[in-house]
Amino acid sequence: MCSRCLSEFEPKNIYFSTNGVRGLAVYEYNQAIKSALFRFKGCFDYELKDVFLDHQAPILRMLYPGYTIVPAPSSKNHDDERGFNHVREMFSCLGLPMIHAIEKTDDRKQSDLDYRSRQEVGKHLRWVGGRSVSGKKILLVDDVYTTGATARNCIKLLKKHGASKIRVLVMAKTKGPHEPS
């Protein structure tokens, strides 16, 4: 991507909290991010994996020393179709250890669901056997934070499995219904 297109991402560093866990969004979700994310995820443009966070990676590594990444789950069928897991690839530039501990049990896309249906995502998540986060500092990562349902349910699973400390890092966050424009 050219520097002009990258500048349209407009880094904001939005701090938020979910289930008592502190979170950080690097960007506010906007049309430029939506378009690039569609090209990355929907058009399988793997080469875009580093455009989202690569410029911020040195700062993010300083913010999360000693953390292990747990990516929010994606549909296995969608990952297989595109040939990669977009969340894992997007956050790989941080160079932190990564554990794939949570998976989806179905192919429902959160973006296709209404608010109420999104809140039921926990019914469709499960712990991957043999994965341990016990005593670890965990950085839960995802591409977009919309209602927080995925993050809240992943946090519950991480706490249940003994994570010592949890933080959330997302590439972008949408504005909530009560946030100023």
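Brief remarks on what is shown
- Taking the conditions (1) surrounded by fewer than 20 Cβ atoms within 10 Å (Cβ to Cβ); (2) closer than 19 Å to Cys154 by Cα; (3) in contact (Cβ under 8 Å) with a residue 60 or more places away in the chain; (4) not charged (D, E, K, R) in turn, Pro97 satisfies each one other than (3).
- Within the stretch 56-90, the set of residues being open to solvent by 70 Å² or more (accessible area, probe 1.4 Å) and either of a type in the set (D, E, K, R) or not in a helix (DSSP H, G or I) (or both) comprises Arg61, Pro65, Lys76, Asp80, Glu81, Arg88.
- Residue that is hydrophobic (A, V, I, L, M, F, W, C) and modelled with pLDDT of 95 or more, where the choices are Val128, Val141, Val121: Val141
- Inter-residue pairs, beta-carbon under 6 Å, first closer than 14 Å to Leu48 by Cβ and in the stretch 20-38, second at pLDDT 95 or above and in a strand (DSSP E or B), 6+ apart: Ile33/Tyr27; Ile33/Ala172
- Scanning the stretch 10-55 for residues that are aromatic (Phe, Trp, Tyr), open to solvent by 50 Å² or more (accessible area, probe 1.4 Å) and assigned to a strand (DSSP E or B) yields one hit, Tyr15.
The values are calculated or read from the model by the stated rules, or taken from the named source; none is laboratory data. None of the values given here were measured: they were computed from a predicted structure. Every residue, glycine among them, receives a Cβ derived from its backbone with ideal geometry; neighbour counts consider all protein chains shown. What goes into the accessible areas is simple: the full protein's heavy atoms, side chains included, and nothing from ligands, DNA or RNA. Shrake-Rupley method; radii C 1.70, N 1.55, O 1.52, S 1.80 Å.
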